[in-house]
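The values are calculated or read from the model by the stated rules, or taken from the named source; none is laboratory data. Given the structure is predicted, the values throughout are model-derived calculations rather than measurements. Here Cβ is always computed from backbone atoms with ideal geometry, including for glycine, and neighbour counts include all displayed protein chains.
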Amino acid sequence: MERSKQPAKDSLKMHPFYRGKVQVLPRCTIRNFDDFGIWYSPGVAAPCLDIKENPLKVYEHTSKWNYVAVVSDGTRVLGLGNIGPEAGLPVMEGKALLYKYLGGVDAFPMCIGPNMDADQIIQLVKWIQPTFGGINLEDIQKPKCFKVLDTLRKDPDVKIPVWHDDQQGTACVTLAGALNAIKIVGKKKKDVNIVFNGVGASNFAIQRLLGLAGFDIKKAIFVDSKGILFKEREDLLSPENYKYEVVQQSNPEQIQGDCGTALNGADILISLSKPGPGVIKKEWISKMADDAIVFVCANPIPEIFPWDAKEAGAKIVATGRSDFPNQVNNSIGFPGIFRGTLDVRASTITDEMCIAAAEELAAFAYDKGISEDYIVPTMDDTEVFIREAVAVGQKAIEQNVARIHLSRDEARIYAEDIINLSQDQTKILMKKNFIPRYE
């Protein structure tokens, strides 16, 4: 347990030392001060007028092609809850750092508010879209996050991809893990019985993506803080409740009770609820089917510790933590997904593009050799993000949402060059002590 506290101790020392995690550096040459006449006035008027005549030229004359805004109101930050936009800024800076180092994407943390409603966030995104090639919504509480994402994805005036990592990112990586887990235990997508514990933004998106990928969600059971979801439950009778649609299409036998009841005979548990331990009980796991698969992804402590779940009979256990096997980590998803999306200038990120990313993540782990303790890749292999970018970009082209068509080989070279450049630049800055070493 002491080891798990060390990152927080180091973080409180290193954050003030560096005074932030990302900065803006020139992309262009500055040979002498005359060059400012090219990059700024008077020369800059020429590309401005070129863009005015052909708006898509903005992708050629500016960095819009590689800009992503990480937008958060700070209402649901990690496991910390509604801590506000200023307190959420370290997280959004961290997100931007991961985007840059892992995916070569120039991401800008944009904490907004406080107390903005869904319509205000929607309007803000529409106002800033001329600058950015994509939007990453982050740490926005439910049900507000559902309205923001769904509205922006459907709005014909929004010409750039909008992504909510807590929904789509988590769903993508969980799907990748589930695909390899059922391979290991020899079960099929259509046959497994799934219990979803927690019906927040993450599980809401996970069940949708798993359904589109071929899992039978109609026989799934959902559990929230009040117990199993069933049609006659008084708080779920209104179509206005965001859980209404889920409850209408699941739990065919209309089982009632707690999560322990739901898990009787279940093949897979996907739990994204509240931090444990003790949220999921050992005796519940012991009632699951043979070769049970357990995703317990609450942070900072999973709903049940992996060793307890294994002792109770689980075959494969995944968590959200890097110090346990099978980390379901969004960081292996969004950098590569956005790299591929930006490289073909896709106008949106479709569910099929997310599935393509998940299948490529699963394939990468399979190629390395999947096992009970290795069902998804880790972020320490650059090849993961390159392969993911290619898969996403090719799916965007296939679905006619891409503005640029690259062959698979071209897409690979493009993504590989940008990601390697980003990592090499950081290493050079550290070597030259322009990024000072923390002692």
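If I ask for residues that are in a loop (DSSP other than H, G, I, E, B) and either over 19 Å from Ala356 (Cα atoms) or in contact with a Pro (Cβ under 9 Å, 6 or more places away or on another chain) (or both), which ones from segment 136-170 would you list? Talk me through it step by step, then tell me what you get.
Step one: list which residues in segment 136-170 are in a loop (DSSP other than H, G, I, E, B), which gives 138-143, 155-161.
Scanning segment 136-170 gives Glu138, Asp139, Ile140, Gln141, Lys142, Pro143, Asp155, Pro156, Asp157, Val158, Lys159, Ile160.
If I filter segment 200-217 for residues that are touching a Gly at 6+ places or on another chain (Cβ under 7 Å), of a type in the set (Gly, Ala, Ser), surrounded by 18 or more Cβ atoms within 10 Å (Cβ to Cβ) and part of a helix (DSSP H, G or I), do I get at least one hit? Explain how you work it out, then say what you get.
Within segment 200-217, the subset touching a Gly at 6+ places or on another chain (Cβ under 7 Å) is 217.
With the extra rule that they be of a type in the set (Gly, Ala, Ser), the set shrinks to none.
No, every residue in segment 200-217 fails to be touching a Gly at 6+ places or on another chain (Cβ under 7 Å), of a type in the set (Gly, Ala, Ser), surrounded by 18 or more Cβ atoms within 10 Å (Cβ to Cβ) and part of a helix (DSSP H, G or I).
Being part of a helix (DSSP H, G or I) and of a type in the set (Lys, Arg) is the filter; apply it to segment 75-105 and report the residue that is nearest to Lys274 (Cα to Cα).
Going residue by residue through segment 75-105, those that are part of a helix (DSSP H, G or I) are 85-103.
Then keep just the ones that are of a type in the set (Lys, Arg); that gives 95, 100.
Working: Lys95: 22, Lys100: 30 Å.
Top of the filtered list is Lys95.
Looking only at segment 162-196, which residues are of a type outside the set (A, V, I, L, M), crowded, with 24+ Cβ neighbours inside 10 Å and over 22 Å from Val392 (Cα atoms)?
Phe196
This table checks each residue for (1) surrounded by 12 or more Cβ atoms within 10 Å (Cβ to Cβ); (2) assigned by TED's automatic domain parsing to the domain that holds Phe132; (3) part of a helix (DSSP H, G or I); (4) without any contact (Cβ under 8 Å) to a residue 40 or more places away in the chain.
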{"position": "Lys9", "(1), (2), (3), (4)": "no, yes, yes, yes"}
{"position": "Leu12", "(1), (2), (3), (4)": "no, yes, yes, yes"}
{"position": "His15", "(1), (2), (3), (4)": "yes, yes, yes, no"}
{"position": "Arg27", "(1), (2), (3), (4)": "no, yes, no, yes"}
{"position": "Asp34", "(1), (2), (3), (4)": "no, yes, yes, yes"}
{"position": "Ile38", "(1), (2), (3), (4)": "yes, yes, yes, yes"}
{"position": "Ala46", "(1), (2), (3), (4)": "no, yes, yes, yes"}
{"position": "Lys52", "(1), (2), (3), (4)": "no, yes, yes, yes"}
{"position": "Lys57", "(1), (2), (3), (4)": "yes, yes, yes, yes"}
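Does Lys159 qualify as being touching a residue at least 60 places away in the same chain (Cβ under 8 Å) and outside the structural domain of Phe132 (by TED's automatic domain parsing)? Explain how you work it out, then say what you get.
Details: touching a residue at least 60 places away in the same chain (Cβ under 8 Å): yes; outside the structural domain of Phe132 (by TED's automatic domain parsing): no.
No, not satisfied.
Is it the case, given these coordinates, that Ile301 is more than 23 Å from Gly211 (Cα to Cα), surrounded by fewer than 24 Cβ atoms within 10 Å (Cβ to Cβ) and of a type in the set (A, V, I, L, M)? Reasoning before the result, please.
Values: more than 23 Å from Gly211 (Cα to Cα): yes; surrounded by fewer than 24 Cβ atoms within 10 Å (Cβ to Cβ): yes; of a type in the set (A, V, I, L, M): yes.
Criteria met by Ile301.
Looking only at segment 85-131, filter to residues that are acidic (Asp, Glu) and over 26 Å from Tyr414 (Cβ atoms); which one of those is surrounded by the most Cβ atoms within 10 Å (Cβ to Cβ)? Full working, then the answer.
Initial filter on segment 85-131 (acidic (Asp, Glu)): 86, 93, 106, 117, 119.
Imposing the further condition that a residue be over 26 Å from Tyr414 (Cβ atoms) reduces the set to 86, 93, 117, 119.
On the way: Glu86: 11, Glu93: 19, Asp117: 13, Asp119: 12.
Across segment 85-131, the extreme among qualifying residues is Glu93.
Got a sec? Which of Asp50, Asp34 is over 23 Å from Phe108 (Cα atoms) and in contact with a helix residue (DSSP H, G or I) (Cβ under 9 Å, 6 or more places away or on another chain)?
Values: Asp34 fails: in contact with a helix residue (DSSP H, G or I) (Cβ under 9 Å, 6 or more places away or on another chain).
Selected residue: Asp50, the only one of Asp50, Asp34 that is over 23 Å from Phe108 (Cα atoms) and in contact with a helix residue (DSSP H, G or I) (Cβ under 9 Å, 6 or more places away or on another chain).
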